[in-house]
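Just so it is clear, none of the values below were taken in a lab; they were calculated from the coordinates. Just so it is clear, the structure is predicted and the values come from calculations on it, not from any experiment. A quick note on method: Cβ atoms are made from the backbone with ideal geometry, for glycine too, and the neighbour counts reach across all protein chains shown.
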Amino acid sequence: MRKTFALTLIIMLVCVLSVIAQKPETGKFLYQTISKTSAKTEIAGEELFTIEELAQGRRKITSDFVAKSQEIISQFETDKLFHETILVDKDWKLLEYALQSETARGKLTVTVKVEGQIAQISFQFKGTDGKEQNQAREVILEDEFVTTGIAAGQLMIIQKIVTLRMKEQKRTFLALDPTNIEKPLIELTVERLSPVKIKSGTKTLDAQRTGLTRADGEFQLELFSANDGTLWGFSGESATTRLLGYRHDLFPDGFEVLK
């Protein structure tokens, strides 16, 4: 009887520990815009994400971008701009990608499945005029990660790859942008920059800094991260506006970059 009870207790304990170990990581990136002319700060939106640990060291990253700016909401006629899912292997290399977006500009669905070095892309778009575009193609990957624009889910993966696998001070990758079905491979230059300090409330932390530049001019960003490659925030700017995105769940008292 005692052996049976002990065995049952051990099984229950193993099950509990298994559930705890598999609990997904969740977080939120807050997007802020700062006007260069008036210094006005506005919350543009937030990206909620989940990272799930799967078998064989794989990870599934899902994220949803929700607009908070009334200007953006009016422009797209919705606050829900996109839902994204990225599946990577133990080395953070791309295995699958999926994007869904339905706004006043149309409905977009993109999927990618990687087998070996071949990425199979499916692209579907239905415009507001009812016209549909359905395309599929295969491309040979050189570097196994996605960059479609400024999306924290993608930037988290890029930062992990830079921290764990990039040996050079500066390198140009050939990344995948499946939203551009006609030209889905794009050069992305990554550069390790001098470290900075991050101020949040009364605390100050040391952060690694990485520069990202897309060859087509889509964006030029600086990423700020912990030593283990955990993305803390990012910034970029145009002629009139500065963009700042950061982990609001980790930095509830704000995020200031001290250079």
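Other residues lying with their Cβ under 13 Å from the Cβ of SER69 contribute a combined charge of -2, Lys and Arg counting +1, Asp and Glu -1. By definition, a body whose alpha carbon gyration tensor gives a ≥ b ≥ c is oblate when a/c is 1.5 or more and a/b is not larger than b/c, and segment 24-155 fits this oblate description. Under a model in which nothing but the beta-carbon of Lys, Arg (+1) and Asp, Glu (-1) is charged, segment 55-202 shows a dipole of about 620 debye around its Cα centre.
Simple rule: put +1 on each Lys or Arg Cβ and -1 on each Asp or Glu Cβ in the chain, find the dipole, and look at THR147, LEU250, GLN135; the Cα lying farthest toward the positive end is LEU250. Under the simplified labelling scheme, the THR230-LEU205 pair shows an inter-label distance of 0.6 nm, with each label point 7 Å from Cα along Cα→Cβ. Anything over 20 Å Cα to Cα? Flag those among LYS60/LYS167; LYS80/LYS107; LYS90/LYS197; LYS113/LYS167; LYS60/LYS113; LYS167/LYS259, in the order listed. Over 20 Å Cα-Cα: LYS60/LYS167; LYS90/LYS197; LYS113/LYS167; LYS167/LYS259. Note on LEU94, LEU176: ascending count of other Cβ atoms within 10 Å places them as LEU94, LEU176, the fewest first. The length gained on full extension between ASN134 and ALA55, counted as 0.36 nm times the residue separation minus their Cα-Cα distance, comes to 25.1 nm. For GLN169 and PHE76, the difference between the fully extended length at 0.36 nm per residue and the C-alpha to C-alpha distance is 29.5 nm.
With only Cα atoms counted, the chain has Rg and Dmax values of 20.5, 77 Å.
How much net charge surrounds GLY149 when only other residues with a Cβ under 10 Å from its Cβ are counted (Lys, Arg +1; Asp, Glu -1)? Once all neighbours under 10 Å are counted, the net charge is -1. Full extension of the segment from GLU182 to LYS197, taken as 0.36 nm per residue of separation minus the current Cα-Cα distance, would add 1.3 nm. Seen from ALA98, the other residues with C-beta closer than 13 Å to its C-beta sum to a net charge of -1, counting Lys and Arg as +1 and Asp and Glu as -1.
The aspartates and glutamates within cross-link reach of LYS170, meaning a Cα-to-Cα straight distance under 16 Å and a gap of 8 or more places when in the same chain, are ASP143, GLU187, GLU191, GLU222.
Is the shape of segment 110-153 rounded, prolate or oblate, going by the alpha carbon gyration tensor and its root eigenvalues a ≥ b ≥ c, with a/c under 1.5 for rounded and a/b larger than b/c for prolate? Oblate, because a/c is 1.5 or more while a/b does not exceed b/c. For segment 137-153, backbone nitrogen atoms closer than 18 Å to the point 7 Å from GLN220 Cα along Cα-to-C-beta are found at 149-150.
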